[in-house]
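The values are calculated or read from the model by the stated rules, or taken from the named source; none is laboratory data. Keep in mind it's a predicted model, so treat the numbers as computed, not measured. Neighbour counts are summed over all protein chains in view; Cβ atoms, including those assigned to glycine, are modelled from backbone coordinates with ideal geometry.
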Amino acid sequence: MASVLLRAWLFVLLFWLGVLSLGWNLIAAVLRLFLRGATARRVGCAGISYGYRWYWACARASGLLRIDAHSLDVLRDVPGGLVIAANHPSLLDALMIVARLPRGTCLMKGALVRNPFLGAGASLAGYVSNDSTRTMVRMAVERLHEGGQLVVFPEGTRSPAPGRIHPFSRSIALIAQRAQVPIQTVVIETDSPYLGKGWPLWKLPPVPIVFRARLGQRFEPAADAEQVCAEMEAYFRKELAR
């Protein structure tokens with residue numbers, strides 16, 4: 001009986017996540033008629049951030065999730081652009097990070113940008129699609145020059161398992177090099193495989209689900225993007241093996 005109730009609560013949380021995303025998408029579609037350029041992007045990023053912050057507060061209150069991402073709050077006051085690179089153990093990672101960063105803008109798969117639950121909101125916020133590498137780099141640099149904080153997952157997909165990572169893409173270091181901004185690493189730790197690679201949405205994980213995001217090493221932009229990428233990947237492997 002207890003497992004049935006927990007499963008029901010978990011699905012209620014996921015349902016309201018969908019409602020929140022769709023609701024903001026509808027609001028964003030209207031705002032796009034009146035807002036343009038950097039103003040639209042600031043409003044879009046802030047709206048997503050505060051909406052998901054409220055959602056995570058409700059999720060914590062349910063007792064099913066324990067999320068500690070408060071260390072990211074210091075990044076709000078960092079002037080100028082910043083690339084924020086994190087490992088990617090679950091589908092919830094981006095939502096957890098942008099909830100703490102009102103200037104956070106995401107590098108997303110093209111299919112997600114076109115998703116009916118996310119498209120208008122992502123467009124208003126100026127989220128960057130990875131459909132074309134050249135366009136992706138150009139748009140990412142533009143967002144960083146506007147003072148945005150670009151949230152990226154260098155693996156390009158979810159990690160194979162908690163504590164493990166895929167090889168990193170050098171495009172992240174290339175973006176930082178072109179924009180001349182540092183890369184702030186964020187290490188996400190979890191004891192749960194929920195919403196990770198290969199985990200079915202309907203399968204109940206052990207609860208509470210615990211996520212912790214902590215600030216890691218900051219990498220300065222360098223001419224050799226390949227070397228920066230290799231050093232960053234080695235750093236994550238070392239941190240996750242601790």
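So the values come out like this:
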| quantity | calculated |
| --- | --- |
| So Arg7, is it surrounded by fewer than 17 Cβ atoms within 10 Å (Cβ to Cβ), outside any helix (DSSP H, G or I) and modelled with pLDDT under 95 | no |
| Residue in region 136-148 that is surrounded by 19 or more Cβ atoms within 10 Å (Cβ to Cβ) and in contact with an Asp or Glu (Cβ under 7 Å, 6 or more places away or on another chain) present | no |
| Long-range neighbours under 7 Å by Cβ, at least six apart or interchain, first residue within 18 Å of Ser192 (Cβ to Cβ) within region 140-166, second among the basic types (Lys, Arg) and modelled with pLDDT of 95 or more | Ile165/Arg237 |
| Number of the exception - Glu155 against (1) assigned to a loop (DSSP other than H, G, I, E, B); (2) over 14 Å from the mean Cα position of the chain (by Cα); (3) at pLDDT 90 or above | (2) |
| Only one of Val128, Val113, Val152, Val83 that is within 30 Å of Pro205 (Cα to Cα), crowded, with 21+ Cβ neighbours inside 10 Å and among the hydrophobic types (A, V, I, L, M, F, W, C) | Val152 |
| Some residue of region 187-198 being surrounded by 20 or more Cβ atoms within 10 Å (Cβ to Cβ) and in contact with a helix residue (DSSP H, G or I) (Cβ under 7 Å, 6 or more places away or on another chain) | yes |
| Filter pass, Glu189 being touching a residue at least 24 places away in the same chain (Cβ under 8 Å), on the phi < 0 side of the Ramachandran plot and assigned to a helix (DSSP H, G or I) | no |
| Single unsatisfied condition, Arg178 versus (1) within 21 Å of the chain's Cα centre (by Cα); (2) surrounded by 15 or more Cβ atoms within 10 Å (Cβ to Cβ); (3) not in a loop (DSSP other than H, G, I, E, B) | (1) |
| Region 69-114, residues that are touching a residue at least 24 places away in the same chain (Cβ under 8 Å), among the small types (Gly, Ala, Ser), more than 21 Å from Ala40 (Cα to Cα) and out of contact with any strand residue (DSSP E or B) (no Cβ under 6 Å at 6 or more places or on another chain) | Ser90 |
| Condition check for Arg66: part of a helix (DSSP H, G or I), surrounded by 13 or more Cβ atoms within 10 Å (Cβ to Cβ) and touching a residue at least 12 places away in the same chain (Cβ under 8 Å) | no |
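This table checks each residue for (1) more than 30 Å from Cys58 (Cβ to Cβ); (2) part of a loop (DSSP other than H, G, I, E, B); (3) among the basic types (Lys, Arg); (4) touching a Pro at 6+ places or on another chain (Cβ under 9 Å).
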| site | (1), (2), (3), (4) |
| --- | --- |
| Trp199 | no, yes, no, yes |
| Gln217 | yes, no, no, no |
| Glu233 | yes, no, no, yes |
| Phe236 | yes, no, no, yes |
